[in-house]
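Here is the structure we will look at, set down as structure tokens.
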Amino acid sequence: MKIRRCWEESIQVRWLSVAAMLCAMPAAMPAQDLARAVEAYKAKPAAATRAAVIKAANPRALGRLAVAYADLEGRRMPEALEGFLQVRRELPHLSDHADYGAAQALMSLGRKSEALPYLLSIAKAERPVSPHRAAGVFAASDILVEANEPAQAVSLLAANIPVVPEAKGRYLFAGALEAAGNAKAAAIEYQRVFFSQARHPEAAKAAEAMTRLRTALGADYPPEMPGSWLERAGILMESGRGKEAAAELTALLPSLTSGDRERAQVRIGAARYRARDYAGALTFLSGLTIKTPVLDAERLHYIAEAARRLDRTAERSAALRDLAARHPVSQWRLDALLGGVNGYLIANQPEQYEPIYQACYTTFARDERAGDCHWKYTWSRYLRRAADAGTLLREQVTQFPDSSDAPAAMYFLGRQHEQRRELGHARAYYEAASSRFPNYYYGVISRERLASPTLARVKPDATLSAELAALGLPESGTGSDFEMDEATRLRIRRGTQLAQASIADWAELELRFGAGADAKRNLIGLELAQMAIAQGKNAQGLRYVKAYSGPYLKWHIEDAPLKFWKLAFPLYFRDDLERESKANSLDPYIVAGLIRQESEFDPGAVSRARAIGLTQIMPATGRELSQRLKLRRFTTAMLKEPEVNLKLGTYYLKRILDSQQGFWVSTLAGYNAGPTRAKRWMTWANYREPSEFIETIPFEETRNYVQSVLRNADVYRRLYGAASARVRSTVGANNASPSQRSGRAAGRP
């Protein structure tokens with residue numbers, strides 16, 4: 001009966017194994033009893049509390065595991081050792097975890113040689129590979145070197161370098177080589193760490209070892225190649241350490257030959273730019289004469305970018321002209337062109353940005369950014385009602401079918417055909433967008449069009465449907481594999497039992513490691529999510545589902561169990577959310593969609609801008625709203641209370657909605673980017689429908705935000721609303737734009 005009740009929440013028989021697995025977990029009360037017993041033992045370790053832990057566990061060996069781990073945390077090492085050794089006999093499928101605990105206890109007791117066999121057992125464990133493998137390898141290699149057995153350490157590390165963190169693995173490997181008397185090979189490994197792993201702390205330790213070996217080896221020391229220094233400089237720049245990269249390359253200059261010297265000089269300027277020394281970068285790079293074409297293109301790119309940052313228009317224009325004349329097809333020219341284009345987009349200057357986007361996709365057609373450039377140009381032409389807009393929309397679909405803008409292009413092609421009464425063609429485009437991108441905004445509104453009376457009974461144009469099917473559009477449902485296999489079953493069993501024993505960190509480690517090793521990520525994500533929720537970490541549960549489920553937005557509802565969708569789109573605090581939404585005449589599903597996007601339902605969420613809580617209210621705004629609503633004396637901490645935050649957030653959202661004349665899409669844009677900006681964007685065109693406004697939003701973050709909230713609302717309505725309900729892109733009491741409303745009053749369609 002228990003499994004059947006849970007099964008009623010699933011969708012098809014294909015998911016029975018998953019439903020049974022999820023529902024047949026141990027009841028919550030015994031797990032809570034064990035957790036309480038463990039906490040009591042931690043607070044007062046004694047025979048009675050220890051016995052209570054073991055009695056509460058099923059099987060009893062899990063209680064002994066919980067006690068052993070609590071002893072390890074409490075630094076009661078003899079007791080921990082005894083417990084782990086017993087557990088490894090009683091729970092053989094968790095023997096590597098017990099081995100790791102026993103080894104930790106032995107090392108803490110100063111009995112490292114006795115710990116070595118357990119660590120080596122972890123390192124060699126198969127079916128499954130232990131999540132403690134890297135820690136076991138590292139600890140074992142240290143013990144072997146200390147025991148004057150460096151050759152064994154070298155062998156152990158060499159066999160495991162591909163499967164352990166490279167920076168630490170290679171650093172220890174170098175140390176083992178040095179201890180084994182192979183100083184030259186050690187120097188090479190230290191160099192690899194220093195140059196290729198520059199962002200890791202082991203790089204600094206490797207530098208000290210290199211200095212030591214440089215002195216010891218003298219002329220036999222392996223030379224450090226200029227290319228390695230340049231590689232390191234690039235890594236440092238990417239890590240935000242541009243100043244350090246510039247200093248290292250400057251010191252290297254006297255020892256370089258002409259070609260390497262030019263490369264280093266340009267990278268010094270680039271490093272200064274990355275360190276935000278724009279004036280210094282501009283002066284330095286402008287003073288260089290570079291003969292190598294690709295390096296000169298890079299130099300001119302950074303000159304253009306530094307000049308742009310400094311608002312030195314003449315110098316930027318000169319650099320762009322030189323790039324066009326001397327390096328017309330260099331990627332550095334494209335980078336320089338696109339570097340300032342967002343400014344024109346934000347300022348609504350199509351005469352400035354259109355030629356740049358056009359040059360991007362025509363001159364640099366093979367660049368990964370060509371599809372986005374083509375769409376930006378296409379959308380500008382469409383919004384200006386240019387004659388070539390239809391051709392450009394078709395090019396977007398046929399030439400860039402895997403771009404993120406393909407569903408938008410298909411939708412607006414559908415709209416064009418629908419307006420021309422070419423309904424079969426319109427339906428073909430809408431069906432492609434809806435079926436291939438079911439949980440994207442344009443998939444949602446394509447379904448709306450398909451359900452309209454105009455199209456409901458129309459058949460799609462067969463020729464066009466076949467052409468779209470042949471384009472290689474993303475396949476919906478790809479990756480939605482929730483069928484249980486033995487490797488995943490074992491990982492989940494191990495993780496679940498570790499969690500039951502109140503060893504949350506090992507449980508999470510087990511599952512996360514399994515997802516990257518041998519288990520199915522979708523199922524591991526579900527398990528991690530439920531584990532987090534059981535610990536009261538609801539937002540973390542949602543993040544796990546997102547992180548481990550791949551392209552789940554391209555799945556149809558029937559592609560995954562309903563349990564998955566309700567974890568991916570949770571509705572926590574539902575009573576408060578619905579009550580406050582109703583009090584402010586708001587659609588609760590849009591409010592839920594907004595909260596999922598703003599805070600992932602984390603009441604304690606604090607953004608970089610210091611916005612707080614479910615609906616992300618700034619403290620000053622919260623104070624003002626609380627005064628308007630006559631709440632009790634306001635404190636910033638109140639924003640972390642779901643009931644208070646929902647009351648303030650829904651009131652604030654309604655206030656913005658009213659200020660935007662009931663136009664929902666600009667309301668959401670205003671909630672994200674500010675109502676003033678949203679009102680300004682409303683004046684940029686005579687929008688014929690809400691989706692045109694959304695696509696025109698110049699901030700990518702805000703554009704994605706509005707689409708995501710409306711998409712979320714659609715999914716929430718399908719999951720939690722009436723069976724026939726669906727969200728509309730034109731939600732709200734008054735959904736037309738101001739220009740549309742005035743047009744209707746004047747008799748325009």
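The table below gives the values:
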item: Any hit, segment 681-697, residues being open to solvent by 50 Å² or more (accessible area, probe 1.4 Å), in a helix (DSSP H, G or I) and over 27 Å from F564 (Cα atoms); result: no
item: Hits in segment 461-478 (condition: within 19 Å of R521 (Cβ to Cβ) and surrounded by 15 or more Cβ atoms within 10 Å (Cβ to Cβ)); result: S476, G477
item: Matching residues in segment 510-530 - criterion: being buried (at least 22 other Cβ atoms within 10 Å of the Cβ) and under 20 Å from Q32 (Cα atoms); result: E527, L528, A529
item: Within segment 65-83, tally of residues that are open to solvent by less than 10 Å² (accessible area, probe 1.4 Å) and within 20 Å of R491 (Cα to Cα); result: 2
item: Residue in segment 55-64 that is in a helix (DSSP H, G or I), buried (at least 19 other Cβ atoms within 10 Å of the Cβ) and modelled with pLDDT under 90 present; result: no
item: Some residue of segment 252-267 being closer than 30 Å to T683 by Cα and in a helix (DSSP H, G or I); result: no
item: V458 among the hydrophobic types (A, V, I, L, M, F, W, C), within 30 Å of L523 (Cβ to Cβ) and touching a helix residue (DSSP H, G or I) at 6+ places or on another chain (Cβ under 8 Å); result: no
item: Residue count for segment 402-418, restricted to those that are at pLDDT below 95 and either over 17 Å from W375 (Cα atoms) or buried (at least 22 other Cβ atoms within 10 Å of the Cβ) (or both); result: 0
item: Selected residue [modelled with pLDDT of 95 or more, out of contact with any helix residue (DSSP H, G or I) (no Cβ under 6 Å at 6 or more places or on another chain) and not β-branched (V, I, T)] from E580, E598; result: E598
item: Single residue of segment 321-363 satisfying the filter (over 23 Å from R381 (Cα atoms) and among the aliphatic types (A, V, I, L, M)) that is most open to solvent (accessible area, probe 1.4 Å); result: V329
item: Qualifying position, being surrounded by 21 or more Cβ atoms within 10 Å (Cβ to Cβ), under 20 Å from Q616 (Cβ atoms) and more than 17 Å from the chain's Cα centre (by Cα), among A592, A583; result: A592
item: Selection from segment 224-262 of residues that are of a type in the set (K, R), within 34 Å of the chain's Cα centre (by Cα) and open to solvent by 70 Å² or more (accessible area, probe 1.4 Å); result: R241, K243
item: Matching residues in segment 97-115 - criterion: being open to solvent by 30 Å² or more (accessible area, probe 1.4 Å) and either in a helix (DSSP H, G or I) or on the phi > 0 side of the Ramachandran plot (or both); result: Y100, Q104, M107, S108, G110, K112, S113, E114
item: Answer residue from segment 169-223, given it is acidic (D, E) and over 21 Å from L144 (Cβ atoms) and is most open to solvent (accessible area, probe 1.4 Å) among those; result: E208
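The values are calculated or read from the model by the stated rules, or taken from the named source; none is laboratory data. Because the structure is a prediction, the values reported are computed rather than measured. All Cβ positions, even for glycine, are placed from backbone atoms using ideal geometry, and neighbour counts span all protein chains on display. The accessibility values were calculated without ligands, DNA or RNA, using every heavy atom of the protein model including side chains. Shrake-Rupley method; radii C 1.70, N 1.55, O 1.52, S 1.80 Å.
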